[in-house]
Amino acid sequence: MATDKRALPDRDPAVSTLLSRSPHDLAEVMDDFGHIVRRRPQAVFRPASARDVADLMRWAAGRGLKVAARGQGHSTYGRAMAEDGIVIDMRALNVVRQVLPDRMVVDAGATWNVVLDAALVRGLTPAVLTNYLELSVGGTLAIGGIGGTTFRYGLQTDNLLSLDVVTGDGRELTCSENENSDLFDAVRAGLGQCGIMTQATLRLARAPERVRRFHLFYADLHSLTVDLRTVLADGRFDYLQGAILPGGTGVWRYQLEGVAFYDGAAVPDERSLVAGLSDQRRAAEVSDLAYIEDVRAFARLETLLRSNGQWFNPHPWLLTFLPGSSAERIAGDILDGLTDADVGPFGRITYYPVFTAAMRTPLLRLPDESIVFPFNLVRIPASDEAAQTADLIARNRLLYEHIRSAGGILYPVSAFPMSRDDWRDHFGPRWSFFSDAKRRYDPLSMLAPGYELF
Ligand SMILES: Cc1cc2nc3c(=O)[nH]c(=O)nc-3n(C[C@H](O)[C@H](O)[C@H](O)COP(=O)(O)OP(=O)(O)OC[C@H]3O[C@@H](n4cnc5c(N)ncnc54)[C@H](O)[C@@H]3O)c2cc1C
């Protein structure tokens, strides 16, 4: 049972000085990276400490208000919004508190770029990084956090030693595998339903100095899948992803991305890294980069999309996991019905295998197989036309139903409406644990209303 480490009487908090109702601040939090859903809160709250967050929760409870934490607002369907409620802007809680040889204590509003900068100074890195590093620590821990090293190290939520959380009923608690473990399990990949993370202790690993990155291209989905399975099984790469890219001529390009880490002069042997693979070798792109350049590679795409305006278009993404045993068939069926326009010229369909044994976060739902494939429609439309967005959202719903009926599972960073029955189905055997935790830690059901989950 959880113990309250803050034994102060409930006081009337001075939250009002931290609340903003300025049109500019409200407009910012009424939008997100999806640019699809808009919900107007009463106010934006800017905490300077976890105590402020706890005070806000009590204050909002007394007024019957919903509350959503917002990290960087890179959700795609209003999940960090609170209609007529309060949005907590977590960006001010962004301090790296401590870096030790194996761990870092950091505020949950910090971005992964801030985490990485502080770690790299000491030759360290988080074991798992998302492709894009301008996401907040709390924002990715609320969903899981998957990256190219997940096949080996799991999710970001699997590389977490402890969390400081403010629960829905305003308690400040620390949780880990050994302390308040039910809260730890309910908050990691818990979609912000049971508490607001204010601080995280992240596991760190030694950072490689350099990487050798391979982009290998394939004639079709089958040959890509075969080689993805081969390199997953033999572990020749330290980072593995794959993607189906729009070719610009109505033809897909099938890409394996493998990265080998190295230090100093111990340059990996290129030939053995690609030995036995059936890619179109002459099309292969091989680069040698500092580790920091490699993990920040997405920033170049962001700059491009900001300059061509596509960063600001709607992003009706659909992110899922396919069962490994039928991933190629399901992906192939879906690809048959898609064209370049479904993802846009700079979009992609992420497709690669990961071992499920590495992923142990209880609320992250996965097909029950030893290998699953993230299968993500990363849609970056070239226009902001409303009819097209509505069509893509409707298609997301149909694709979700198709994938679900084939044994696939949603990664809940997706843009389409989910009913409570959908969520109950999604969490399956974990539903009763999750709803019990919700009752225990957020009894008034105030938190993260954007998921429409409870
Ligand atoms: C360009 C881009 C690339 C991406 N790449 C990856 C990737 O490689 N791997 C991957 O796994 N995901 C990826 N994502 C998805 C991303 O991880 C999620 O959308 C994540 O939730 C965004 O973080 P954020 O800080 O913007 O969160 P927000 O959008 O601000 O919030 C997301 C959810 O988390 C909740 N939340 C935020 N902060 C906290 C907190 N401190 N405590 C409790 N709940 C909180 C919010 O209430 C909301 O429900 C990507 C997204 C984008 C836009």
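In table form, for the structure just shown:
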quantity: Taking the chain and dividing mean pair separation by its residue count, relative contact order in percent (alpha carbons under 8 Å, at least six apart); calculated: 18 percent
quantity: For region 143-154, Karplus couplings with θ = phi - 60° (6.51, -1.76, 1.60), whole Hz, Gly/Pro x; calculated: 10, x, x, 10, x, x, 9, 4, 4, 9, 10, x
quantity: Amide hydrogen neighbours beyond the local backbone of T320, cut-off 5 Å, H modeled; calculated: F375, N376, L377, Y411
quantity: In Hz, Karplus ³J(HN,Hα) per residue of region 410-419 (6.51, -1.76, 1.60; θ = phi - 60°; x = Gly, Pro); calculated: 6, 9, x, 10, 9, 10, 5, x, 10, 7
quantity: Cα shape, region 16-89, gyration tensor, a/c 1.5 rule; calculated: prolate
quantity: Global geometry of region 310-363, whether rounded, prolate or oblate, following the gyration tensor of its Cα atoms and the 1.5 cut on a/c; calculated: oblate
quantity: Between 0 and 90°, nearest 10: helix 221-234 axis offset from the chain longest Cα axis; calculated: 70 degrees
quantity: Accessible-area composition of the chain, carbon plus sulfur, in percent [1.4 Å probe]; calculated: 52 percent
quantity: Heavy-atom surface of the chain, accessible at 1.4 Å and reported per residue (Å²); calculated: 39 Å²
quantity: Principal-axis tilt of helix 327-336 within the chain, Cα atoms, nearest 10 degrees; calculated: 90 degrees
quantity: Inter-part distance where region 230-257 and region 102-126 are each reduced to a Cα centre, Å; calculated: 29 Å
quantity: Amide proton proximity set for A127, modelled H, under 5 Å, gap of 5+; calculated: A205
quantity: Over region 37-188, relative contact order from alpha-carbon pairs under 8 Å, at least 6 apart, %; calculated: 20 percent
quantity: Karplus-derived HN-Hα couplings along region 21-31 (A = 6.51, B = -1.76, C = 1.60, θ = phi - 60°), whole Hz, x at Gly and Pro; calculated: 10, 5, x, 5, 5, 5, 4, 4, 8, 7, 10
quantity: R97 long-range amide H proximity, modeled H, under 5 Å; calculated: V105, V106, D107
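The values are calculated or read from the model by the stated rules, or taken from the named source; none is laboratory data. Predicted, not measured: the structure shown is a model, and the values here were computed from it. When the accessible area is computed, the model is the full protein with side chains, heavy atoms only, and any ligands, DNA or RNA have been set aside. Shrake-Rupley method; radii C 1.70, N 1.55, O 1.52, S 1.80 Å.
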